[in-house]
Amino acid sequence: MKTAAIFVAAGRGTRAGGERPKQWQLLCGKTIAAHAMEPFARHPKIDALILVLHPDDIDSDLWADTPKAMIVAGGDTRQDSVLAGLNAVKDATHVLIHDAARPLITSEVIDRVLTALIDHDGAAPAVAVTDTLWRGQNDTVEGVQDRTDIYRAQTPQGFAREPLLKAHQNSTIQATDDVSVAQAAGIEVAIVAGDENNIKITTPGDFARAEQLQRGKMDIRCGNGYDVHRFGPGDHVWLCGVKLPFDRALQGHSDADVGMHAITDAIYGALGQGDIGQHFPPSDPQWKGAESHIFLTHAANLATQSGYKISNVDCTLVCEFPKVGPHQEAMKAALSRIMNLPTDRISVKATTSERLGFTGRGEGIAALATATLVKS
């Protein structure tokens with residue numbers, strides 16, 4: 001099974017209010033669409049992401065914070081947009097179609113849909129209706145509707161691609177979701193358990209509820225790192241990924257980049273994954289002289305694989321020399337490339353120890369680092 005996730009984000013969402021379409025408004029610092037896409041981007045069984053945009057949004061920066069995806073122009077209706085997404089993933093055997101305005105989707109719901117697709121051509125999450133249902137007219141109750149076997153539909157709605165593609169190509173109905181199109185074409189759709197928190201942003205009040213739920217599910221972790229390397233013979237030092245000419249070098253089993261080591265340990269610490277020595281033992285000769293970006297890349301990837309995003313990193317170098325100030329921006333740029341983190345979320349600074357201790361005597365350099373990880 002090769003599965004692509006298609007995100008329908010071409011709508012204008014005027015009922016939600018605001019200057020931007022609802023999927024591009026912010027929720028806890030990120031766009032609604034970014035929240036909606038990230039669980040799929042992290043999911044090991046999702047092979048591709050397709051973001052279907054309104055033509056006016058393609059050249060904008062509205063979707064800059066979303067995970068990397070294939071960009072497809074949507075159509076005049078939701079069905080047209082879904083069809084455009086289906087046509088873009090010809091090598092996928094299955095698709096999950098998700099509303100970009102549902103920012104609180106969980107991996108558990110995604111798993112349930114994928115499991116159901118093993119034995120069905122269609123599967124979708126839903127929540128059984130438990131409230132009494134009235135039929136009304138002119139703001140008065142006209143009768144009571146039987147709620148037996150009535151569900152509230154959610155997304156992602158999953159399908160074998162070929163049957164759904166044909167259903168959309170031959171559809172003559174105006175449907176609000178893909179289950180309606182599939183059912184009209186005779187495709188059986190399995191119902192799996194949805195999630196009460198998997199809400200769709202529709203009206204202004206939904207933003208406040210979504211923010212409350214999002215903050216409640218966020219997992220924020222903080223880790224600290226500390227490292228020291230002594231000076232020895234040499235003509236340069238490596239600090240935070242930048243080679244600085246100097247009349248001595250830092251000594252260590254690897255390239256002795258004390259700043260990068262401290263940051264790496266801070267990330268490992270936030271994850272509860274020990275330190276560099278556990279992952280890259282100094283007793284192993286293959287790490288002799290290794291470049292420290294190998295260690296930091298491993299830590300950053302481990303954070304991503306664990307479902308965390310690095311929010312910010314702060315590193316302090318403690319030394320009398322060399323001078324760090326002229327190289328701070330280059331160091332931030334180097335760390336940014338390795339961690340795939342914007343430079344405005346990276347701090348590199350230096351201080352002296354007022355000529356006290358081993359750093360004050362110029363015997364070496366120490367580094368302290370803090371890393372904050374967020375899982376949402």
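Let's see how each residue does on (1) modelled with pLDDT under 95; (2) within 13 Å of Asn312 (Cβ to Cβ); (3) not in a strand (DSSP E or B):
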{"residue": "Glu329", "(1), (2), (3)": "no, no, yes"}
{"residue": "Ala334", "(1), (2), (3)": "no, no, yes"}
{"residue": "Ile338", "(1), (2), (3)": "no, no, yes"}
{"residue": "Ser347", "(1), (2), (3)": "no, yes, no"}
{"residue": "Arg355", "(1), (2), (3)": "yes, no, yes"}
{"residue": "Thr359", "(1), (2), (3)": "yes, no, yes"}
{"residue": "Ala366", "(1), (2), (3)": "no, no, no"}
{"residue": "Thr370", "(1), (2), (3)": "no, yes, no"}
Residues located in region 149-184, provided they are assigned to a helix (DSSP H, G or I), out of contact with any Ser or Thr (no Cβ under 6 Å at 6 or more places or on another chain) and of a type in the set (Val, Ile, Thr)
Val179
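Right, Asp284: of a type in the set (D, E, K, R) and in contact with a helix residue (DSSP H, G or I) (Cβ under 8 Å, 6 or more places away or on another chain) or not? It would help to see each step written out before you state the result.
On the way: of a type in the set (D, E, K, R): yes; in contact with a helix residue (DSSP H, G or I) (Cβ under 8 Å, 6 or more places away or on another chain): no.
It is false that Asp284 is of a type in the set (D, E, K, R) and in contact with a helix residue (DSSP H, G or I) (Cβ under 8 Å, 6 or more places away or on another chain).
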Residue in region 169-188 that is modelled with pLDDT of 95 or more, of a type in the set (Val, Ile, Thr), surrounded by 13 or more Cβ atoms within 10 Å (Cβ to Cβ) and touching a Pro at 6+ places or on another chain (Cβ under 7 Å) present:
yes
When region 174-195 is checked residue by residue, the ones that are of a type in the set (A, V, I, L, M, F, W, C) and touching a residue at least 24 places away in the same chain (Cβ under 8 Å) are Ala175, Val179, Val181, Ala182, Ile187, Val189, Ala190, Ile191, Val192, Ala193
Of these, Gln157, Gln145, which one is polar (S, T, N, Q) and at pLDDT below 95?
Gln145
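Can we say Val313 is crowded, with 16+ Cβ neighbours inside 10 Å, over 27 Å from Asp247 (Cβ atoms) and either of a type in the set (A, V, I, L, M, F, W, C) or at pLDDT 95 or above (or both)? Working first, answer last.
Values: crowded, with 16+ Cβ neighbours inside 10 Å: yes; over 27 Å from Asp247 (Cβ atoms): yes; either of a type in the set (A, V, I, L, M, F, W, C) or at pLDDT 95 or above (or both): yes.
It is true that Val313 is crowded, with 16+ Cβ neighbours inside 10 Å, over 27 Å from Asp247 (Cβ atoms) and either of a type in the set (A, V, I, L, M, F, W, C) or at pLDDT 95 or above (or both).
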Please state which one of Ala64, Ala101 is in the same structural domain as Thr176 (by TED's automatic domain parsing), surrounded by fewer than 18 Cβ atoms within 10 Å (Cβ to Cβ) and within 16 Å of the chain's Cα centre (by Cα).
Ala64
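Look at Glu320 and say whether it is part of a loop (DSSP other than H, G, I, E, B), of a type outside the set (Gly, Ala, Ser) and either touching a Gly at 6+ places or on another chain (Cβ under 9 Å) or farther than 20 Å from Val228 by Cα (or both). Explain how you work it out, then say what you get.
Values: part of a loop (DSSP other than H, G, I, E, B): yes; of a type outside the set (Gly, Ala, Ser): yes; either touching a Gly at 6+ places or on another chain (Cβ under 9 Å) or farther than 20 Å from Val228 by Cα (or both): yes.
Answer is yes for this residue.
The values are calculated or read from the model by the stated rules, or taken from the named source; none is laboratory data. What you are looking at is a predicted structure, and each value in this text was computed from that prediction instead of being measured. We place every Cβ from the backbone using ideal geometry, glycine too, and count neighbours over all the protein chains shown.
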